[in-house]
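Quick notes on the structure that follows.
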Amino acid sequence: MNNCTFYYYQIINRSTESYHGVYAGLFNVGMQGQNLNNYVAMDVQRAMALLYKSHGTDEGYGSVYNSSSPPTPAIGFDILEGLLIEPNGIDDVAACNAGINGLNFGDGIADNEKYGATNFNWVFDDPSGVMDFPYNAAQAYKSMQCIWKDNTHLMYGGGGHPSWGSTDVPTNFNVPGDSDPCGWGQGGIPMLPWSEESANHGDGYYRDFILSSGPGSMAPGEVIDFKFTAVWDQAQNGDSVQSVREVRRADDIAQSYFNNCFRLIDGPDAPELKLIQTTSELIVLLFNRPESNNYLESFHKQEPTIKCLTSQEFCDTYYSFQGYQVFQVVDTNVTVADLQNPEKAICVFQSDIKDGIGDLVNHRYNPASDNYDPYLAVDAENDGLKRSFSMKTDAFTGEPIDTGKNYCFMAVAYAHNEFSKYNLADLTSVRGQKMPYKPSTRSYGMTKVKVWQSNPDAAEFPAEPSVMFWPNPARDKVYFNTNEIDNYTIDIYRLSGEKVFSGKANGRENVLDVSGYINGVYLIKIKYIGFEKIYKLVKIR
């Protein structure tokens, strides 16, 4: 979602006239890197136009981006909400019609259906002028209906025109690949997949495209809402087509959040802890405040992004409370995101409802392998809920509990949902519950989960050091300075997540050579004895 931008336009008819045959859309100038080797594509089912590279690099095209690791990125433009479909007095259901990528089909309400994308076409510097860019309003209006400048309609296959090897089948979607299996773009005539690659279009053209929604009508004073998103992503490895897959995956997330008004459900509130320290052990008690969303362990919330299979007789769309986990953590800076890091957190207690639900395995997306990697989120006792336990040894050192020391703990409640079991054998599948485990993300009245201390009056943890680096933006060298520490670790990452540097600081003043880095934004992670902070660095020429 960090690489998505959302756009919302209102088109207002301030005249006294009614208009018919109204289209709304967007015209994209294909200027991603060097624009002579761009390809375009249409994903009909997602209502998304795509711009990507014909190769994994821009090498040979003005040295815009000569690296192949990671490959060149891709960007998609998805019409989230298009024009209102002309009323017909009934609730239309999704079939081989605008319901493929539209809204409000089959919801029990008549005449609220809206288009997604209904037309997609490319234009380029065509020497004949037939498929050239639109230069006035009349030409732009025709382009939004897939009509060329010679008044012929876009044809399926080849270059979309009889002069460039097309078929004689009119279509509303240029290069849809295999995303229109029922042939909606051809009036219900299925066709073989068609892409820039299959048509051997090659490089050397300035490709722009038009993505539109319509036709609709506008009465005097009527307002049309038009919403779309731009989604950018870059694969970790592979080629430019892999970046397209990343964009599609990110777009599914963006579309799901949009469809549900960006509502996100939190897990159950974290329980409160009471820590009782004796001469030889630490007793830990768990309880929930009456104001908590898990009071009486009653957390039960619907997850709006769950999409059930129509073949399922029963589909549970709710996350329900299942159990507790308590972690001993290294200090008060630990967050929920650190609980899978054994250097920062160790699970010292787990308790859950005794039922048929045991260990819980979540699957985290790994862009480097394009797979969902499993990790054990809960090693379940499945022996009934318990709300207290005692500790006699430090989980990190194995030494006996020392009443003079301060021990830190984080407790989470977790909920469970597995509406459909994720199939590990089909790693490309978007079906199945990849996240059956949903832990607390906050304590009641806070924006994060509280870290509890057994003896906060004991020796304090090291103060957070102050780290400075300059210049930013940087061309050749970056200087690091701190007045408090001299043995911190510096890691530098691309935004894609690839680590490009890792090393130990040598004293309190350090110089790092970044002259060989490609231009862009980098993340600098500074680590020092329980302290970890991320800074942003911009590299320029």
For this session: With a point put 7 Å past each Cα toward its Cβ, work out how far R263 is from R249 in nm, to one decimal.
Result: 2.8 nm
Problem set entry | Length-normalised contact order for region 1-146 - Cα pairs under 8 Å, 6+ apart - percent | 16 percent
Seminar exercise, completed: Here the FRET efficiency for T489 versus L376, based on Cβ atoms and R0 = 25 Å and rounded to 0.05, is 0.35
Exercise. Hey, what do the phi angles of region 437-450 turn into as Karplus ³J(HN,Hα) couplings, whole Hz, using 6.51/-1.76/1.60 and θ = phi - 60°, x for Gly and Pro?
Worked result: 9, 10, x, 4, 10, 7, 8, 4, x, 10, 9, 8, 7, 6
Exercise. For a label point 7 angstrom out from the Cα of A395 toward its Cβ, which stretches of region 344-362 have the backbone nitrogen within less than 19 Å?
Worked result: 344-353, 359-362
Exercise. With r defined as the distance between the Cβ atoms of K477 and E17 and R0 fixed at 56 Å, what FRET efficiency is calculated, to the nearest 0.05?
Worked result: 0.30
Exercise. Over region 230-325, what relative contact order in percent results from Cα pairs under 8 Å that are six or more residues apart?
Worked result: 18 percent
Exercise. What's the extension gain from A368 to N136 if we count 0.36 nm per residue and subtract their Cα-Cα distance?
Worked result: 79.0 nm
For this session: Quick one: plug the Kirkwood hydrodynamic radius of the chain (C-alpha pairs) into Stokes-Einstein at 20 °C, 1.002 mPa s, and report D in µm²/s.
Result: 79 µm²/s
For this session: May I ask you to list the GluC sites (Glu not before Pro) in region 244-298 that are in a DSSP loop and have at most 12 other Cβ atoms within 10 Å of their Cβ?
Result: E291
Exercise. What does the highest-first list of 150-157, 118-125 look like by mean Cβ count within 10 Å?
Worked result: 118-125, 150-157
Exercise. Relative to the longest principal axis of the chain, what angle (0 to 90°, nearest 10) does the C-alpha long axis of helix 240-259 take?
Worked result: 80 degrees
Exercise. What is the spin-label model distance, in nm, from N88 to I283 if the labels are put 7 Å beyond Cα along the C-beta direction?
Worked result: 7.2 nm
Seminar exercise, completed: For region 355-420, shape from the Cα gyration tensor axes a ≥ b ≥ c, cut at a/c of 1.5 then a/b versus b/c, turns out oblate
Exercise. Within region 170-245, which chymotrypsin sites (Phe, Trp or Tyr not before Pro) sit in a loop by DSSP and count at most 13 neighbouring Cβ atoms inside 10 Å?
Worked result: none
Problem set entry | Sequence-distant lysines (8 or more away, or on other chains) whose Cα lies within less than 25 Å of K421 | K301, K307, K354, K434, K438
Problem set entry | trypsin sites (Lys or Arg not before Pro) lying in DSSP loop within region 317-371, provided at most 14 other Cβ fall within 10 Å | K354
Seminar exercise, completed: A convex hull over the alpha carbons of region 272-453 yields, per residue, a volume in Å³ of 143 Å³
Problem set entry | the chain - percent relative contact order, Cα under 8 Å, separation 6 or more | 13 percent
Problem set entry | Amide H contacts of G30 (H built 1.01 Å from N, under 5 Å, at least 5 apart or other chain) | D208, F209
Problem set entry | Positive-pole candidate from I490, F262, N382, dipole of the chain, charges at beta carbon | I490
Seminar exercise, completed: Whole-Hz Karplus couplings 3J(HN,Hα) for region 125-135, θ = phi - 60° and coefficients 6.51, -1.76, 1.60, Gly and Pro as x, run 6, 6, x, 6, x, 5, 9, 6, 5, x, 10
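Since every read-out is calculated from the coordinates, none of them should be taken as a lab result. What you are looking at is a predicted structure, and each value in this text was computed from that prediction instead of being measured. Because the Cβ atoms are built from the backbone with ideal geometry, glycine has one as well, and the counts that use them run over all protein chains shown.
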